[in-house]
Amino acid sequence: MQIKQTQWHTSERYIRNAIRKIRKHMALRFGILTVSTTCFMKVKEDVAGPKLEAEISETFPDSKVTFKRIVSDDEQSIAEELKNVSDADLCDVIFTVGGTGFAPSDVTPEATRAVIDKEALGLELALISRSLAMTEMAMLSRLACGIRKKTIILNFPGSTKAAIECFGFIKSSLVHAVELVRQRNERVADTHRAIQQNNEFTESKVKIQVGALRHRKSPYDMISVQVAQDIIFGKMKFCENAETEVVSVTQALERVLAEDISAIDPIPPFPASIKDGYAVITSDGVGQRAVKAAMAAGDEPAKSVLHSGEVIRISTGAAVPAGADAVVQIEDTTLIAASENGSEEKIIKINVAPTVGQDIRPIGSDIHAGTLVLKKYNRITAAYVGVLATLGFTKVRVIKRPTIGIISTGNELRNAGETLKPGEIRDSNKVTLLTLLKSFGYDAGDCGIARDHPNAVKATVEAALIQNDIIISTGGVSMGEYDLLKQVLIEDFHATIEFARVNMKPGKPTVFATLTHQGKKKYVFGLPGNPVSCCVTSLLFVIPALKRIELDASFKFWPLLPVKLENRIVNNDIRPEYVRVNIFQNTSLEFRAVSTGNQISSRLNSMVDANGLLLVPGKTTWEAGSVRAVHLFGQLHT
Ligand code: AMP
Ligand code: MG
């Protein structure tokens with residue numbers, strides 16, 4: 001019996017892969033300046049430039065070539081281009097291709113040295129020494145490398161083969177070089193850590209079980225959703241002694257308050273008028289009055305004092321002047337006399353007898369000084385932000401959130417925008433999850449796509465663990481020989497698989513694991529790859545867990561709403577099914593639910609209009625018109 005083993009790279013390549021994944025977000029910008037008079041004159045086609053571009057895209061798929069140009073072998077033109085690109089900060093790295101030989105016309109290094117602020121001798125040495133190892137002719141290459149402002153400039157020879165080889169020699173150090181030049185300190189630290197720990201980026205201990213050796217039955221117990229949730233909520237307790245942080249009030253939306261907020265000053269801080277009208281003395285009763293002055297919102301309370309027989313014009317929100325004990329709204333008055341040009345009221349008549357305190361908000365009537373206004377562990381809504389602003393808070397202490405990294409797994413996956421080869425599909429799970437989390441206020445990082453090889457899964461998980469407390473991965477948790485996540489977690493990370501089979505549809509193979517990485521507790525959600533399964537399990541396990549570890553006092557679980565079914569719901573499976581439904585309110589104020597159509601777990605469209613999950617027991621049919629409890633997780637519409 002022969003067991004096929006997939007070929008894999010050297011461990012040096014894992015390190016580079018893993019380091020690359022750490023800074024998925026750092027998309028480099030490259031420039032290519034082809035130096036060749038014949039190409040410039042269109043006598044010859046530029047081959048090396050486009051080849052190098054293809055090589056760059058292959059090596060750094062997230063990066064962009066933001067500058068491409070052909071210039072003649074003219075020192076001034078070359079220098080000019082390099083200067084313009086660096087000064088406009090169009091690229092992080094520019095490669096010149098050509099003009100590096102001994103011919104009188106070869107002036108690229110001279111032009112380069114004329115514009116760089118700093119030399120990069122190490123890069124020059126790397127290029128020359130490694131080229132020499134390939135061919136003695138490299139002795140005749142003159143390659144200058146350096147930095148102008150924040151752009152790294154490297155000279156490559158004009159031969160396509162030599163240019164591509166040169167790129168290969170230095171590509172592994174480019175990301176870090178850019179981080180250093182651009183002082184991306186956070187990333188620099190990550191890279192140093194990753195490099196120091198490169199022993200960790202060795203081969204995975206897991207071997208793919210192909211052929212007849214693979215498991216035919218899951219060794220994991222099937223547990224209920226309720227038990228699975230209890231396990232997760234029980235384990236993810238690291239926020240019980242939650243760390244807190246101070247954020248600006250305007251950035252606090254959806255965060256959980258880590259302190260009680262009390263009012264220092266009373267609101268309103270002065271007796272304020274509720275109406276546009278006149279500040280009056282009630283004992284004067286009805287009748288004509290002289291209009292003494294006007295108080296607008298924002299005017300100093302001490303501006304005017306009211307005496308018997310007078311009124312003061314007053315606007316909503318203005319301070320009620322001393323002497324006044326009521327406000328009479330303008331609708332209850334008549335104008336008797338005005339100034340000649342009509343710009344001022346002179347005499348008005350009070351038509352309705354006022355009562356003491358009428359239409360005045362006394363000091364502290366909205367909020368007394370010292371009152372507890374907002375409570376610790378409540379989630380901050382827009383109105384909370386408003387109250388904080390009213391009370392004069394510009395910053396507020398909130399519960400610190402865990403960092404979350406998202407991984408997709410699968411050989412078949414490509415990022416949107418990439419060309420698909422036969423057999424490939426676009427990765428939708430990662431963007432769906434990033435966005436779903438965002439819709440609940442949580443930021444997560446894109447930790448890339450792991451190919452279905454133990455080494456790749458290991459390297460991707462490792463890179464994600466360096467930066468995150470919680471990893472959410474999708475795919476690779478079923479019974480296939482390429483479903484490697486659990487084994488990699490166990491064998492390479494000594495993780496405890498807390499559960500790996502849940503009695504639900506969709507979402508049966510959901511995995512939850514805990515592990516310690518560099519002395520820190522980490523949590524891994526291994527969600528199934530089917531797009532609907534990954535959404536449903538996120539709603540049932542991930543989002544509630546995130547809310548709980550933030551100590552969100554308002555969140556128990558998604559509320560259950562009694563709704564009348566618009567259509568018949570059939571669950572033929574023995575597992576309980578979470579049917580995606582759209583809950584809406586009809587004109588008779590009844591809540592109704594309509595199924596979102598075919599419920600197969602690959603059909604992401606069944607999530608598109610869903611705002612509810614209807615839990616239907618196994619082998620059950622529910623008729624249209626029956627009233628059932630449905631979990632509401634999204635916005636409710638009419
Ligand atoms: P798996 O859980 O890896 O066996 O994947 C189950 C199904 O989900 C397969 O049809 C995969 O192609 C699909 N799938 C896995 N990951 C993704 C993803 N990130 N985006 C879209 N489909 C996926
Ligand atoms: Mg897969």
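The values are calculated or read from the model by the stated rules, or taken from the named source; none is laboratory data. Since the model is a prediction, treat every value here as computed from it, not as a measurement. Note: ideal-geometry Cβ built from the backbone for every residue, glycine included; neighbour counts use all protein chains shown. Accessible surface areas use protein heavy atoms only, side chains included; no ligands, DNA or RNA. Shrake-Rupley method; radii C 1.70, N 1.55, O 1.52, S 1.80 Å.
The table below gives the values:
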read-out: Region 96-167 - Rg over Rh from alpha carbon coordinates, Kirkwood radius; value: 0.95
read-out: Under Karplus coefficients 6.51, -1.76 and 1.60, residue-wise ³J(HN,Hα) of region 460-471 in Hz, glycine/proline x; value: 5, 5, 4, 4, 5, 5, 4, 9, 10, 7, 10, 10
read-out: Shape of the chain, Cα gyration tensor, a/c cut at 1.5; value: oblate
read-out: Order by protection proxy (mean Cβ within 10 Å, highest first), peptides 265-272, 426-433, 533-540; value: 533-540, 426-433, 265-272
read-out: Trypsin sites (Lys or Arg not before Pro) restricted to DSSP loop in region 294-375 with at most 15 other C-beta within 10 Å; value: LYS375
read-out: Straight-distance crosslink candidates among aspartates and glutamates, where the alpha carbon sits under 19 Å from LYS44 and sequence neighbours closer than 8 are dropped; value: GLU53, ASP73, ASP74, ASP106
read-out: Trypsin sites (Lys or Arg not before Pro) lying in DSSP loop within region 508-561, provided at most 16 other Cβ fall within 10 Å; value: LYS556
read-out: Taking the chain and dividing mean pair separation by its residue count, relative contact order in percent (alpha carbons under 8 Å, at least six apart); value: 11
read-out: Furthest towards positive pole of dipole, PRO61, VAL47, SER36, structure part region 6-188, Cβ charges; value: PRO61
read-out: Links that overshoot a 30 Å alpha carbon limit, given the list LYS205/LYS521; LYS430/LYS619; LYS83/LYS430; LYS438/LYS556; LYS376/LYS505; value: LYS430/LYS619; LYS83/LYS430; LYS376/LYS505
read-out: R0 of 51 Å, Cβ-Cβ distance VAL627-THR419: FRET efficiency to nearest 0.05; value: 0.50
read-out: 0 to 90° range, to nearest 10: angle between helix 11-22 axis and the chain longest Cα axis; value: 20
read-out: Label-point separation, ILE264 to SER554 (7 Å along Cα→Cβ), nm; value: 2.6
read-out: Accessible-area composition of region 560-632, carbon plus sulfur, in percent [1.4 Å probe]; value: 53
read-out: For the chain: accessible area per residue (Å², 1.4 Å); value: 48
read-out: Tail fraction, Cα-Cα pairs, region 560-632, threshold 16 Å, whole percent; value: 43
read-out: Point-charge dipole on Cβ atoms (K/R +1, D/E -1) for the chain, about Cα centre, debye to 20; value: 2200
read-out: Ordering of 404-417, 454-467 by packing [mean C-beta count within 10 Å, highest first]; value: 454-467, 404-417
read-out: Alpha-carbon centroids, region 105-129 and region 562-612: separation in whole Å; value: 65
read-out: Cβ-based net charge around LYS150, under 9 Å, with every Lys or Arg adding one and every Asp or Glu removing one; value: +1
read-out: Net charge of Cβ neighbours under 13 Å - reference LEU636; Lys, Arg +1; Asp, Glu -1; value: -1
read-out: Under 19 Å from the Cα of LYS486 - aspartates and glutamates, other chains or at least 8 residues apart; value: GLU200, GLU203, ASP221, ASP452, GLU462, ASP469, GLU498
read-out: Rounded tilt (10° steps) of 75-87 against the dominant C-alpha axis of the chain; value: 40
